[in-house]
Amino acid sequence: MSFEYRVTGGDFTHAGYASSQVKKMLKQLGVESTVIKRVVVCLYEAEVNIVAHAWDGIINVDLDTDTIVMKLTDNGPGIADIEQAMQKGFSTASPEVREMGFGAGMGLPNISANADIFVISSEPGVGTTLEITINLNSAAV
Amino acid sequence: MKIEEICSVLNGELVCGSDKSQRDVTHAFASDLMSDVLTVNCSNLLLITGLANLQTIRTAEMSDIDCILFVRNKSVTPEMKKLAEELGMALITCPSTMFRASGELYRAGMKPLF
């Protein structure tokens, strides 16, 4: 199964919609709750990142009986130093984003901690792509 | 601790989920930082926060949290209430600061996560 969701930068009213839809779908499919939690934490953090930092983005979710692969591609400022961005506490978020309860430099580390495979690539001035893979049949990372 | 007891201890108001007043909550976690909330793993958890916006509700959804206590008289907007109703959540508001609310609930038997 494949699904696509569009995300608009700055639209905190709808941030989390895609993650919510994926959560409902995985529940309906009977996926174990601890696995669902890892999937939605990864996806929600990544979705909020697009809303917080990019102009727009697309989320592609591919699901089979063993794995879920979530690819998030945004048009945005990109990340100049990915290693630095992966450090807990590092953030370039605006004060407005911080007022929403995010932007403390925990998003990418949270994704990394919950994903089985996490690949991030970015081109400054163009955008960032995250590919997150989670094994649906294992409860723990 | 039942939700109605939480309201009683804090002079709080159950503004969403009136049918959930008998629901039991065993642990509490206090934070205004949503990424922090996303790191917790616990069922029957109460989120205590001063951050009142739609993303608070969304974050609770992703974290499997069914009950949120908003401190410092924070207002629950109609949009927040609508989303919380759809998700079957209970929302409580109270006049206390986060520190006082956490202290009063701890004294009344609410367990911390760590």
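Give me A:M106, A:M1 sorted ascending by neighbouring Cβ count inside 10 Å, so fewest comes first.
On the way: A:M106 21, A:M1 9.
Listing A:M106, A:M1 from fewest to most nearby Cβ atoms yields A:M1, A:M106.
Give the order of A:D74, B:D24 when sorted by the count of other beta carbons within 10 angstrom, beginning with the fewest. Working shown, then result.
Values: A:D74 25, B:D24 10.
Ranked by crowding around the Cβ, least crowded first: B:D24, A:D74.
Taking every alpha carbon pair in chain B, what does the distance histogram look like in 5 angstrom bins from 0, in percent?
Using 5 Å bins, I get a P(r) of 2, 13, 27, 28, 22, 7, 0 for chain B.
Over the C-alpha atoms of the stretch A:50-125, what are the Rg and the largest Cα-to-Cα span, Dmax, in Å?
Both quantities, over Cα of the stretch A:50-125: 13.3, 41 Å.
If you take every residue apart from B:I57 with its C-beta less than 14 Å away from the C-beta of B:I57, what net charge results, scoring Lys and Arg +1 and Asp and Glu -1? All intermediate terms of the calculation are to be shown ahead of the outcome.
Working: positive: A:K23, B:R58, B:K74, B:K81, B:K82; negative: B:E61, B:D64, B:D66, B:E79, B:E85, B:E86.
Overall, the nearby charge balance is -1.
Measure nothing but the geometry: give the 0 to 90° angle between the long axis through the Cα atoms of A:17-28 and the longest principal axis through the Cα atoms of chain A, rounded to 10°.
The answer is roughly 10 degrees.
Suppose R0 equals 45 Å; then what is the FRET efficiency for A:V119 and B:R100 from their Cβ-Cβ distance, rounded to the nearest 0.05? Mind dumping the intermediate values first?
On the way: r = 45 Å, r/R0 = 1.01.
The computed FRET efficiency comes out at 0.50.
Contact order normalised by length for the stretch A:2-135, with contacts defined as Cα pairs under 8 Å and 6 or more residues apart; what percent is it? Spell out each step's value before the answer.
Values: 250 pairs, mean separation 36.5, N = 134.
Worked out over the stretch A:2-135, it gives 27 percent.
Taking the 0 to 90 degree range and rounding to the nearest ten, how far is the long axis of helix A:33-53 tilted relative to the main principal axis of chain A, both from C-alpha atoms?
Compared with the principal axis, the helix lies near 20 degrees.
Could you work out the local net charge near B:A30, counting Lys and Arg as +1, Asp and Glu as -1, over the other residues with Cβ closer than 14 Å to its Cβ? Mind showing how you got there, number by number?
Working: positive: B:R72, B:K74, B:R100, B:K111; negative: B:D32, B:D36, B:E104.
Net charge around B:A30: +1.
I need A:I120, A:I132 ordered by Cβ neighbour count within 10 Å, fewest first. Write down the numbers at each step before the final one.
Values: A:I120 18, A:I132 25.
Taking fewest neighbouring Cβ atoms as first place, the list is A:I120, A:I132.
Compute the semi-axes of the equivalent ellipsoid of the stretch A:4-90, taking the square root of 5 times each eigenvalue of the Cα gyration tensor, and list them largest first in whole Å. Please report the intermediate quantities before stating the final value.
Numbers: eigenvalues 113, 46, 27 Å².
Equivalent ellipsoid of the stretch A:4-90: 24, 15, 12 Å, largest first.
Amide H to amide H under 5 Å from B:A28: which residues, 5+ apart in sequence or cross-chain, H placed 1.01 Å off N in plane?
B:L46, B:K111, B:L113
So what's the gap between the Cα centers of the stretch A:44-97 and the stretch B:1-34, to the nearest angstrom?
Here the two parts' Cα centres lie 33 Å apart.
List the relative contact order of the stretch B:3-112 as a percent without decimals, with contacts defined as Cα pairs under 8 Å and 6+ residues apart. Please list the in-between numbers first.
Details: 204 pairs, mean separation 36.8, N = 110.
In percent, rounded to a whole number, it is 33.
Can you give the net charge of the other residues whose Cβ lies under 14 Å from the Cβ of B:L113, counting K and R as +1 and D and E as -1? Mind dumping the intermediate values first?
Working: positive: B:K111; negative: B:D36, B:D64.
Computed value for this residue: -1.
Laboratory data are not the source of any read-out in this text; all were calculated from the coordinates shown. As the structure is a computational prediction, the values presented were derived from the model and not from experiment. Don't worry about glycine lacking a Cβ; one is built from the backbone with ideal geometry, like all the others, and counts go over all protein chains shown.
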